[in-house]
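The values are calculated or read from the model by the stated rules, or taken from the named source; none is laboratory data. As the structure is a prediction and not an experimental result, all values here were calculated from the model. FYI the Cβ positions are ideal-geometry reconstructions off the backbone, even for glycines, and counts take in every protein chain you see. Side chains included, ligands, DNA and RNA excluded: accessible areas come from the protein's heavy atoms. Shrake-Rupley method; radii C 1.70, N 1.55, O 1.52, S 1.80 Å.
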Amino acid sequence: PEETVTSSFASFIHAVRPEHLSKTVRHRSKRMILDSIGVGLVGSTTHVFDIALQYCRELFSSVAVSSVYGKPGVKLSPTLAAFTNGVATHSMDFDDTWHPATHPSGAVLPALLAASQMLPPSTKPNGMDFLLAFNVGLEVQGRLMHFSTEAHDIPKRFHPPSVVGTMGSAAATAKLLALSSAQCAHALGIAASLAGAPMANAATQAKPLHIGNATRLGFEAALLAARGMEANPLILDDIPGCSGFSAFYSVYQPKPLSTPSDHHEFLLEKQDIAFKRFPAHLGMHWVVDAALSVRNLFINYAGSFSPSLIRTIVLKIPVSKYINRPFPSSEHQARHSFQFNACTALLDGEVGLSSFTESSIHRQELRELLDKVVVEHPEDNVANFDKMYGEVALLLHSGDVLTGKCDTFYGHWRKPLSKESLLKKFHSNASHVLPEEKIETIITMVDNLENLSDSSQL
């Protein structure tokens, strides 16, 4: 039969081998795995995680074999463990972000961790198998997003990881389970019927469910395909009059994915990942760095940061309704507010975990700063993580104007976190639930993942 886009993806998933992973891809993906585990561990301390865990523990499970972030001794069935750990990963909006915009690791890693524990001892995947499956999940997400120009901009209709993340989880799990090419195609088809979540639930406790569902439902799609369930074999193709994956995009131009021969250049080779320095929507990182820059100018100007000298705070940001929140009233709204993050950085000189507590959010001095904010949307500031910038201008009562601007924050793929900074973030996150010796064990294990004989040890 003539090859289709869907069959080309299935053939790739089935045929790709560990030797196709370059040194750069292995290095970058291990950084992602380490960061995602740390984010999941600190995420296990949140209220929304507690809700998800309690829900899963109340469900009947006859195969409680898979571990839960931050809860020693607690085991769930594999798919529920994936769900719970996915919720933990996104519970603070602290997980990595790619371009086009999605959160790739959280939708894939929890499924692979749970699946590794599910498999019998005789078929446990080794670390290289695990690393390959993880990169298959990333590759499928990236390729699907490149099929539409719409995917390059900050999303408006659906949360990308709830769509491409589900497909990536299905692909990664299918690879780890060594499914046939036909089964891989069916896994993608089944996953497409389980995908999607509206952007209206951003900045609520429901948003972390998007990652939890993506990793769980993609996992379930692979399990169903392994048991013989079939789906449309053209799910990724553009079939006029009958939408498949194209249902999620207004513009959709799919291209086949070539089967790797001697070499395959993964998208992660060309496009590095963004790691967040503080737990908030990625767009916030531009305005925070701009705010910190202008704060330093202000201190040099006035000797200290004195809000009473400020008449107006002008934020120049791209148009994006769900992250333009003048007066957030909850931690999840605050994580999605240009205004809150800029003013917190101005007031405190930093943004961190404690910035999103109830007491921090409702401070009178912060509210007074928020009252001074005016938002502008310059035409050249587009809602695109590769092109946008953040600018914060302080208009003083004296008539002077101080301005800070950021077009590439520290942690962006154009300005990657150093190894020292990434390890510092992991230590900080993991220390909320793990002792130092276990933290060091995880770091060593991820760093030497290629040599791990049994990936379920992770």
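For the stretch 1-99, which GluC sites (Glu not before Pro) are in a loop by DSSP, counting at most 15 other Cβ atoms within 10 Å? Here the GluC sites (Glu not before Pro) that fit, given the DSSP loop and packing criteria, are E2, E3.
The charge dipole of the chain, taken about the Cα centre with unit charges on the Cβ atoms of Lys, Arg (+1) and Asp, Glu (-1), comes to about 440 debye, rounded to the nearest 20.
Here the Karplus curve 6.51 cos²θ - 1.76 cosθ + 1.60, taken at θ = phi - 60°, turns the phi angles of the stretch 338-345 into couplings of 4, 5, 4, 5, 5, 6, 5, 5 Hz, with x standing for Gly and Pro. Seen through its C-alpha gyration tensor, with square-root eigenvalues sorted a ≥ b ≥ c, the stretch 282-406 comes out oblate because a/c lies at 1.5 or above while a/b is not bigger than b/c. Using a Förster distance of 22 Å, how high is the FRET efficiency between E2 and S250, based on the Cβ-Cβ distance and rounded to 0.05? Calculated value: 0.20. In order along the stretch 48-58, the phi-based Karplus estimate (6.51 cos²θ - 1.76 cosθ + 1.60, θ = phi - 60°) of 3J(HN,Hα) comes to 5, 5, 4, 4, 5, 5, 4, 4, 5, 6, 7 Hz; Gly and Pro are listed as x. Each peptide in 341-352, 301-312 was scored by the mean count of other Cβ atoms within 10 Å over its residues; highest first, the order is 341-352, 301-312. Remark on V373: its backbone amide H falls under 5 Å from those of I313, a criterion applied only to residues 5 or more positions apart or on other chains, H modelled at 1.01 Å from N. Using a probe of 1.4 angstrom and keeping all protein chains present, the accessible surface of the chain works out to 39 square angstrom per residue. What separates the Cα centres of the stretch 357-400 and the stretch 251-308 is a distance of 18 Å.
Each label was represented as a point 7 Å from its Cα along the Cα-to-Cβ direction; for A15 and H397 these points are 7.2 nm apart.
Between the DSSP loop rule and a limit of at most 16 other Cβ atoms within 10 Å, which trypsin sites (Lys or Arg not before Pro) in the stretch 379-458 are left? Spell out each step's value before the answer.
Working: sites: K387, K405, R414, K419, K424, K425, K438; in loops: K387, R414.
Sites meeting the loop and neighbour criteria: K387, R414.
Checking the table K270/K415; K175/K425; K71/K425; K71/K438; K75/K438 against a 24 Å threshold on Cα-Cα, which pairs fail? From K270/K415; K175/K425; K71/K425; K71/K438; K75/K438, over 24 Å: K175/K425. What you get for the stretch 282-406, charging only the Cβ of Lys and Arg (+1) and of Asp and Glu (-1), is a dipole of about 120 debye around the Cα centre.
If you keep only loop residues by DSSP, which GluC sites (Glu not before Pro) in the stretch 254-345 have at most 14 other Cβ atoms within 10 Å of their Cβ? Taking the stretch 254-345 and a limit of 14 other Cβ atoms within 10 Å, the loop GluC sites (Glu not before Pro) found are E265. Karplus-derived 3J(HN,Hα) values for the stretch 128-134, using 6.51 cos²θ - 1.76 cosθ + 1.60 with θ = phi - 60°, are 5, 4, 5, 5, 5, 4, 4 Hz; glycine and proline are entered as x. Rounded to the nearest 10 degrees, the angle from helix 78-90 to the longest Cα principal axis of the chain is 20 degrees. Annotation: for a label point projected 7 angstrom from Cα along Cα→Cβ of K321, residues of the stretch 186-214 with backbone N closer than 12 Å are 199-201. Taking every pair of alpha-carbon atoms in the chain, what share in percent sits in each 10 Å bin, from 0 to the bin with the longest distance? It works out to 5, 22, 31, 24, 13, 5, 1, 0, in whole percents.
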